[in-house]
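Participant: The structure that follows is given in the form of structure tokens.
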Amino acid sequence: MSAHAMAASPTGIASIGLHFPSLSMAVEELAQLRGQDPDKYTIGLGCEEMSICPPDTSVVELATEAARRALDRWGGSADRIGMIAVGTETAVDMSRPLSAWVADHLGLKGAIRSYEVKHACYGGTLAVRQAAEWRMSGAAGDQAALVVAADVAMYEEGDPGEPTQGAGGVAMLIDEPRIARIEPISYPWSEPHFDFWRPVGESYPRVDGQLSLDCYKRAAENCFKAMIGKRDPEAVLHELAAICFHVPFPKMVRKAFYRVGEFLDLNAERIDGFFQEKIYPTMLWNRLCGNAYTASLWISVAQALKGLAAGERVAAFSYGSGFGAELMMLEAGPEAAAGAWEQDVARDLAGRERIDAKGYSELRGAKS
Ligand code: COA
């Protein structure tokens, strides 16, 4: 192999595409249906709306359309794509990877490593890391990776997780760092637990809700501890333009950041200050679409990057039950400021048809 082929390539996000399904419902409608106080969902969990798939939309359409939008914006030649990695926990087949459906719809074939990554909500981040490290290693040469994170989050009717449901897809071309450079060092943490899992053949996840909260908080604490090291925590957090989290529901993020802040010896006022300034604004799109599992963190990252000046840094904390977590660091590139991918959000989220409790019940009846 030539020295040229093994040279590490500048690596990051070169384009972003997002896609959300065409239906939405306010969580207050679900509260009415389940006989719950709506404040439990809106204040207790911090949820607002959920994106819902109509019968003709599945994770395949979410992943494919997000990928199509990212590819259109990228503007590169398809023969430069050497990897398609799709993170999802909404598998449509136990063998055939979701990446094969995406490749089929987009006419991508040839000298491409194409596969699916599974690790609950962490799968999309693993796909991003694999693509980035493939380029950083030099093994990719001048090739780019198409990475997709897409999921449909549905719980059994009446399950405590039902108000956190959602759906969406995010696709990224991992190539030149036009939108964001991916920093080579990241901070993983994993522990084997049964906090959230879906046995083969079952339609809905089984969840030990309280355990999943504890695991998520412990993972966040350990990842941030490793990232901050011996430096002054306030200075490190202050220097970040935004801190993005996987958003199973917004209150979870608040709880996790409180745990991190307490561990770092910050008082409640400082923790609140950082949360309001650097975290809460990154969850606007998440609050409108609900939990989209693997896509959730990347929806938040896409929102945070939009409008940043080149050089501003973002932290991205990924968590997947089971559990595995990783804190990544990104640095905005020259195309972050324009935020071209915002038009996907404006088109999809604003254009959704709102359904009520009756419509939702009919849809669930039709789906089961
Ligand atoms: N008004 C305002 N707040 C209310 C309320 C009301 N009427 N009723 C309850 N609440 C609050 C509770 O105090 C609680 O807040 P707190 O944790 O800050 O004290 C919150 O609403 C949730 O109530 P809780 O009884 O704990 O909810 P739950 O057990 O029915 O469900 C989860 C919560 C997280 C367990 C559930 O949504 C779930 O299983 N989600 C899926 C798993 C998940 O997302 N895990 C996260 C890590 S990946």
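The values are calculated or read from the model by the stated rules, or taken from the named source; none is laboratory data. Because the structure is a prediction, the values reported are computed rather than measured. Glycine also receives a Cβ, built like all others from the backbone with ideal geometry; neighbour counts cover every protein chain displayed. Heads up: the accessible areas ignore ligands, DNA and RNA and are worked out on the full protein's heavy atoms, side chains in. Shrake-Rupley method; radii C 1.70, N 1.55, O 1.52, S 1.80 Å.
Participant: Identify, from the list ILE299, ILE355, the residue that is open to solvent by less than 20 Å² (accessible area, probe 1.4 Å), touching a residue at least 60 places away in the same chain (Cβ under 8 Å) and not small (Gly, Ala, Ser).
Facilitator: On inspection, the qualifying residue turns out to be ILE299.
Participant: Only one of LEU18, LEU108 is in a loop (DSSP other than H, G, I, E, B), assigned by TED's automatic domain parsing to the domain that holds VAL128, aliphatic (A, V, I, L, M) and closer than 26 Å to GLU342 by Cα. Can you tell me which?
Facilitator: LEU108
Participant: Output the qualifying pairs, or none if there are none: Cβ atoms under 6 angstrom, residues six or more apart or on different chains, first residue in region 205-225 and more than 22 Å from ASP151 (Cα to Cα), second residue more than 8 Å from the ligand (Cβ to nearest atom) and in a helix (DSSP H, G or I).
Facilitator: Note: pairs meeting the criteria are LYS217/ALA256; LYS217/ARG259; ALA220/ALA256; ALA220/VAL260; GLU221/ARG259; GLU221/VAL260; GLU221/PHE263; PHE224/VAL260.
Participant: Kindly indicate which of ALA366, ALA337, ALA350 is without any contact (Cβ under 8 Å) to a residue 12 or more places away in the chain and surrounded by fewer than 19 Cβ atoms within 10 Å (Cβ to Cβ).
Facilitator: ALA350
Participant: Checking the condition at negative phi and in contact with a Lys or Arg (Cβ under 6 Å, 6 or more places away or on another chain), which residue from GLU342, GLU362 passes?
Facilitator: Just a single option satisfies the conditions, and that option is GLU342.
Yes or no, residue by residue, for (1) in a loop (DSSP other than H, G, I, E, B); (2) under 21 Å from the mean Cα position of the chain (by Cα); (3) within 16 Å of the ligand (Cβ to nearest atom):
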residue	(1), (2), (3)
LYS40	no, no, yes
ILE43	no, no, yes
ASP56	yes, no, no
LEU62	no, yes, no
GLU65	no, yes, no
ALA70	no, yes, no
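Participant: Only residues in region 241-261 that are in a strand (DSSP E or B) count as the first member; pair them with residues that are open to solvent by less than 30 Å² (accessible area, probe 1.4 Å) and among the β-branched types (Val, Ile, Thr), Cβ under 6 angstrom, at least 6 apart or cross-chain, and list the lot.
Facilitator: ALA242/THR282; ALA242/VAL314; ILE243/ILE279; CYS244/THR282; CYS244/VAL301; PHE245/VAL253
Participant: Also: Those residues that are open to solvent by 10 Å² or more (accessible area, probe 1.4 Å) and either touching a helix residue (DSSP H, G or I) at 6+ places or on another chain (Cβ under 9 Å) or within 12 Å of GLU183 (Cβ to Cβ) (or both), I need them from region 323-334; list them, please.
Facilitator: Passing the criteria: GLU326, GLU331.
Participant: Tell me, which strands (runs of 3 or more DSSP E) wholly within region 117-236 include 3 or more residues that are away from the ligand (no atom under 11 Å from the Cβ) and open to solvent by 10 Å² or more (accessible area, probe 1.4 Å)?
Facilitator: Those strands (runs of 3 or more DSSP E) span 187-190.
Participant: Right, another one. Could you tell me whether region 21-28 includes any residue that is within 16 Å of the ligand (Cβ to nearest atom), assigned to a helix (DSSP H, G or I) and either among the polar types (S, T, N, Q) or surrounded by fewer than 14 Cβ atoms within 10 Å (Cβ to Cβ) (or both)?
Facilitator: No: region 21-28 contains no residue that is within 16 Å of the ligand (Cβ to nearest atom), assigned to a helix (DSSP H, G or I) and either among the polar types (S, T, N, Q) or surrounded by fewer than 14 Cβ atoms within 10 Å (Cβ to Cβ) (or both).
Participant: Taking the condition closer than 22 Å to SER203 by Cβ and outside the structural domain of LEU305 (by TED's automatic domain parsing), does ILE52 pass?
Facilitator: Yes; evaluated as a whole, the condition is true for this residue.
Participant: Name every residue in region 237-278 that is within 20 Å of the chain's Cα centre (by Cα) and away from the ligand (no atom under 16 Å from the Cβ), in order of residue number.
Facilitator: LEU240, ALA241, ALA242, ILE243, LYS278
Participant: Given the structure, is TYR115 of a type outside the set (Lys, Arg) and under 23 Å from LEU288 (Cβ atoms)?
Facilitator: The answer is no for TYR115.
Participant: Determine which single condition SER318 fails, assuming it passes every other condition in (1) open to solvent by less than 20 Å² (accessible area, probe 1.4 Å); (2) under 30 Å from LEU33 (Cα atoms); (3) among the polar types (S, T, N, Q).
Facilitator: Looking at each condition in turn, SER318 falls short on (2).
Participant: Another one. So if I check each of ARG270, ARG313, which one is among the basic types (Lys, Arg) and within 23 Å of ARG178 (Cβ to Cβ)?
Facilitator: Going through ARG270, ARG313 in turn, the sole match is ARG313.
Participant: Any residue in region 281-292 that is within 16 Å of the ligand (Cβ to nearest atom), among the polar types (S, T, N, Q) and either crowded, with 24+ Cβ neighbours inside 10 Å or at negative phi (or both)?
Facilitator: Within region 281-292 (the criterion being within 16 Å of the ligand (Cβ to nearest atom), among the polar types (S, T, N, Q) and either crowded, with 24+ Cβ neighbours inside 10 Å or at negative phi (or both)), the answer is yes, since at least one residue qualifies.
Participant: Output the number of residues of region 78-105 satisfying the condition of being closer than 25 Å to VAL345 by Cα and in a loop (DSSP other than H, G, I, E, B).
Facilitator: The total comes to 4.
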